[in-house]
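Every number in this text was worked out from the coordinates using simple rules, so none of it is lab data. Being a predicted model, the structure only gives us computed values, none of them experimental. Methodologically, a virtual Cβ is constructed for each residue, glycine included, from the backbone with ideal geometry; neighbour enumeration extends over all protein chains shown.
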Amino acid sequence: MDWEVKIETKLKDGILDPQGKAVKTGLKSLGYENVDSVFVGKYMEIIIKDISKKEDASEMVEDMCKKLLANPVIEEYKYELNKMEG
Amino acid sequence: MAENGWEKEGLTKEEYDKIVDLLKRKPTDTELGIFGVMWSEHCSYKNSKLVLKDLPTEGECVLQGPGENAGIVDIGDNQAISFKIESHNHPSAVEPFQGAATGIGGIIRDIFTMGARPIANLNSLRFGNLNNKRVQYLFKGVVAGISSYGNSIGIPTVGGEIYFDDVYEGNPLVNVMSVGLLDHADIATATARGAGNPVMVVGAATGRDGIKGASFASDELTEESDEDRPAVQVGDPFLEKLLLEASLELIKSGALIGIQDMGAAGLTSSSAEMASRGDSGIEIDIAKVPVREEDMTSYEIMLSESQERMLVVPKKGKENVVKDIFEKWGLHAEVIGKVTDDGMLRILNDGNKVAEISASLLADEAPEYTRETKKPEYLRTIKAVNREKIKSDNFSEDLLKLLSSPTIASKKWVYEQYDHMVMTNTVVGPGSDAAILRIEGKNKAIALTTDCNGKYCYLNPYRGGAIAVCEAARNIVCSGGRPLAITDGLNFGNPMDPEIYWQFKNSVQGIIEACQKLKTPVIGGNVSFYNESPKGAIDPTPIIGMVGLLDSISEQVTMDFKKEGDLIYLVGKNIDELGASQYLKLKIDKVDGIVPQLDLDLEKRVQKTVRSAVKEDVIKSAHDCSEGGLAVTLAESCFENGLGINVDIDEPISDEALLFGESQSRIVVSIAPDDLHKFEEITVSNSVPYMKIGTVQSREYKFNELINLDVGEMKSKWEAAIEVSL
Amino acid sequence: MKAGVVTFPGSNCDHDVYNVLSKIFSFDTDLIWHQKRHLNNYDLLVLPGGFSYGDYLRSGAIARFARIMDSVIDFALAGGLVLGICNGFQILLESNLLPGAMKVNDNLKFVCKNVSLEVNNNKTTFTNHYCENEIIEMPVAHGEGNYYIDKKGLNSLIDNNQIVLRYANQSENPNGSVENIAGISNNKGNILGLMPHPERCSEDIISPGRRDGYRLFSSIVANLKAGGEQIG
């Protein structure tokens, strides 16, 4: 079974996000006055092959996030795990 | 094949007919695509070759002139410097970040394929008016792209220059000069020799990016250019760093016959040029080229401009040496074909022949055109400046305004984003007349600069071209160096326009004359035509990149005044001229009038004088007079150490011209009072005009009774100007 | 004295440190390839500046899993002297050899210039040739040097005197780091991570009159000569 994973990481709440701040200023200067907050994070797509159980795939993704894809000191992550067709 | 498929490939009907004639048959689609890029201006120099052939390319120090990936000059001790400038204007106009980044990537590859380790980059940039939002976007994007790519690869960006002028609004210029150091024994060439030797592609896999970038670069920018974005390549500095290290290791291994960057027109031009240089043929099977996208056609694989790839010809049997070295750096190295002795570039796709063309036909037989020239209409109306219109009633304020105009203002905002210290050779970095780099383990150093005032070239292409060379040499001399050789980055509009071609021809003539006089041969360069936007052509901008040598690092000179009480001298003479000056731009928002005079004999003597004085160790600072004139030159020398000046000049010319005129061949130096006689003897023996103009003092800037300012205030305006306008 | 400088793919200050260690301080110095597994008996290990693995994902994140890193971590935990400069500092954070994390600079721009630093702790192996609270100057060159640590962690750094170098004041701080932090050590004092580049200001010719980096290395040398123990 193959799995498609969509992972997002961003800075944890309460940690100043310089990129988000810059994008917010940019949007405001374009006239989007209602913009209240912006967070910039990262988005990754990963394809995992040959794992039959969803729990196993999920466990593997958790592990990858903790070890490498996010830095737990400052970042949080979430992901979506979907079975691939065909 | 469609009825007029040649048009799609950027060829004319005549060129198509010539191809049919030469091949004695109709070309296949892939072949026509190959001709399209190889005979594009970018690859073939078809519109410029006949003008460029008169450039002086030989000299005592020249080890490699034009024709290879980059030229090489000797610097003694069996060491050499390879350098070249290249433009990436059009890609930067549509995608400034990636355009500038891949521009750096390309020129660096040209340097290390010569066997040299790149040790410095300089950028010569031109943008429109910084008040314009789009220009700000381009400016920030280009600087960020240079910063991102250059810093990451670990080559210091040590200098360059930036001008802002409306003519560059829709078509910015991004010219990058890269400089490398090598031992004579390691000089590599881009030659394919020895039938049976393998041909390998190394580095990145091939994708669809940048297909036909060479023909894109050979076209005018239109409103639709934004939609041409797929033609812009994306760079990977990390991969390039690995490629650099692996290639230098390969060159040292002795397994190599030839190596060439896959730049414009990718696999096509690299294979045709390597074969042609070695009077050989090359046969490659594109099915063996590692690709990163599916279902790529032979046309696409041959014309892709995916970055960070090289073509390598090792000795037969040494394939594994290549593979091992590249594998160590985590890179592909695949055999895709072999060198032959029939002179043909033969392309197979899984064994089936898709193209077969004589390599020299592609690389050397492109048509050469002498384009029509016509003296531009605008030159007929140029006359001396009306002095009444530009009278000043407040010189102090004018000086402050000039210091905070983006072209003259400090470029700190820019160069602080560049790592200019990595490799720990940077003795003098950005913001100086020329950068100075020590040669590690030796007592000597090199000086590097780029220069060109496009306005001068617009108003008088011949003199403007000559001035660009002289100013570059002056900058080298002001840094304590001896000018060695140049690379030229020739940026112009559409060569089919007779007026543009006239500008081109005359600018090159000016360069030729100045190079001959100053004995600085041209060892390579780049021509970029079609720099036009819907608003018109850019000013002719022949950028001169120059390398100089300091026999001893102790001969280095910087532009800043060192000590209160030191004497300030002007070497050269002040002329009553204000044409083409930045002062005019300030006063009438137009740079007009007659370009400053240039006397090449005087220029030579001025430079010789300062060089002799450097050798005698009497010079404490030296700075050449350029944009903004004497007043700005003196100010710039005050800033670093926060010193002031007390200058008093009695000269029978207008105050405006004395302060802000841009007369050529002038250098401001400071010397210790004790060295007065020694210095004056040197000037007299060189029969060069000079005058003592004042002394260095603490932070007050006083110029005749005309200007009285606090240096701190001047400096903060000068330093903040660019950031403020963003 | 034997020193090792680890070369990761994308390291670009490895040769700079190598030159300073071997030519100025006469260390017997090796460049250690990232794929090696074992270390020889070094007195000092340096993780140099650069863009290891392109700094893709996060600075230092991928380098942390390079094959050599297990040995580096063992060496550090056993008390060996480890110096992480710029990207090396980021790798030390990602490896949890030092606490905290690095964010992109507050103004989002890469910055390369000389900055003033205050020596906050001159009692370490790396800084005992400086005076207490001395103001020194070193170049920085980074895009991600915005050091972050939570309140609790910060208090612990302060309590244990682990803040070794600070930017001299807010306006000298080039990246927005917490408490103007420029360099920290571990509690034991054998690991130092710093954003500024001491190897770029150890020679007169390239930094006339400002050789403040020299004393960082000379501190290390003095300590080793005084009998710092060798970890193998």
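Okay, here's what the table says:
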read-out: Region B:1-133: proportion of alpha-carbon pairs further apart than 18 angstrom, %; value: 69 percent
read-out: Region B:661-696 and region B:138-194: distance between their alpha carbon centers, rounded to Å; value: 36 Å
read-out: Qualifying lysines (Cα of each under 24 Å from Cα of A:Lys6; at least 8 residues distant if same chain); value: A:Lys42, A:Lys49, A:Lys53, A:Lys54, A:Lys66, A:Lys67, A:Lys78, A:Lys83, C:Lys103
read-out: Inter-label distance for B:Val234 and B:Gln597, nm, one decimal - labels placed 7 Å from Cα along Cα-to-Cβ; value: 5.8 nm
read-out: Spin-label zone in region B:693-726 - amide nitrogen under 11 Å from a point set 7 Å from the Cα of B:Asn131 along the C-beta vector; value: none
read-out: Candidate lysines - alpha carbon under 22 Å from B:Lys241, same-chain residues fewer than 8 apart omitted; value: B:Lys84, B:Lys252, B:Lys323, B:Lys328, C:Lys36, C:Lys109
read-out: Charge tally in the Cβ shell below 14 Å around B:Asp77, where Lys, Arg are +1 and Asp, Glu are -1, B:Asp77 excluded; value: -2
read-out: Shielding score for B:412-423, defined as the mean number of other chain Cβ atoms within 10 Å; value: 6
read-out: Volume of the Cα convex hull of region B:518-642, divided per residue and given in Å³; value: 176 Å³
read-out: Where a label projected 7 Å from the Cα of C:Trp33 along Cα→Cβ would reach, residues of region C:1-16 with amide N under 13 Å; value: C:7-9
read-out: Distance between region B:419-475 and region B:234-288 - C-alpha centres, whole angstrom; value: 30 Å
read-out: Amide N proximity, region B:288-319 versus A:Asp2 label position 7 Å along Cα-to-Cβ, cut-off under 15 Å; value: B:294
read-out: For the protein assembly as shown, alpha-carbon Rg over 2.2 N^0.38 Å; value: 0.95
read-out: Sparsely packed trypsin sites (Lys or Arg not before Pro) within region B:340-413, loop by DSSP, other Cβ within 10 Å at most 14; value: B:Lys374, B:Lys383, B:Lys391
read-out: Residues A:Tyr43 and B:Met496, FRET efficiency given R0 of 45 Å [Cβ-Cβ distance, rounded to 0.05]; value: 0.45
read-out: Global geometry of chain B, whether rounded, prolate or oblate, following the gyration tensor of its Cα atoms and the 1.5 cut on a/c; value: prolate
read-out: Beta bridges by DSSP in chain B, antiparallel share as percent, to the nearest 5; value: 80 percent
read-out: In order through region A:22-29: 3J(HN,Hα) via Karplus (6.51 cos²θ - 1.76 cosθ + 1.60), integer Hz, x for Gly, Pro; value: 5, 5, 4, 4, x, 5, 4, 5
read-out: For region C:88-117 versus region B:387-418, the gap between their alpha-carbon centres in whole angstrom; value: 36 Å
read-out: Local net charge near A:Lys53, Cβ-Cβ under 12 Å (Lys/Arg +1, Asp/Glu -1); value: -2
read-out: Prolate/oblate/rounded label for region C:1-107 (Cα gyration tensor, a/c 1.5); value: prolate
read-out: Sparse-neighbour loop sites [trypsin sites (Lys or Arg not before Pro); region A:5-86; at most 10 other C-beta within 10 Å; DSSP]; value: A:Lys49, A:Lys53
read-out: Global form of region B:557-726, assessed from the alpha-carbon gyration tensor, a/c cut-off 1.5; value: oblate
read-out: Region C:2-225: relative contact order in percent, alpha carbon pairs under 8 Å with at least 6 residues between; value: 19 percent
read-out: FRET E, pair A:Lys12, A:Lys54, Förster distance 25 Å, beta-carbon r, rounded to 0.05; value: 0.40
read-out: Antiparallel bridge percentage (DSSP; both residues within the protein assembly as shown; nearest 5); value: 80 percent
read-out: C-alpha long axis of helix B:461-478 to longest principal axis of chain B, angle in °; value: 70 degrees
read-out: DSSP beta bridges in chain C [antiparallel fraction, %, rounded to 5]; value: 55 percent
read-out: Net charge contributed by nearby residues that have their C-beta within less than 9 Å of B:Cys638 (K/R +1, D/E -1); value: -1
read-out: Rg/Rg_ref, chain C, where Rg_ref = 2.2 N^0.38 Å and atoms are Cα; value: 0.91
read-out: Percent RCO, i.e. relative contact order, over region B:557-726, from Cα pairs under 8 Å lying at least 6 residues apart; value: 38 percent
read-out: DSSP-assigned coil residues among GluC sites (Glu not before Pro) in region A:24-82, each with at most 13 further Cβ atoms within 10 Å; value: A:Glu33
read-out: Theoretical FRET efficiency, 1/(1+(r/R0)^6), r = Cβ-Cβ of C:Lys113 and C:Glu179, R0 22 Å, to 0.05; value: 0.60
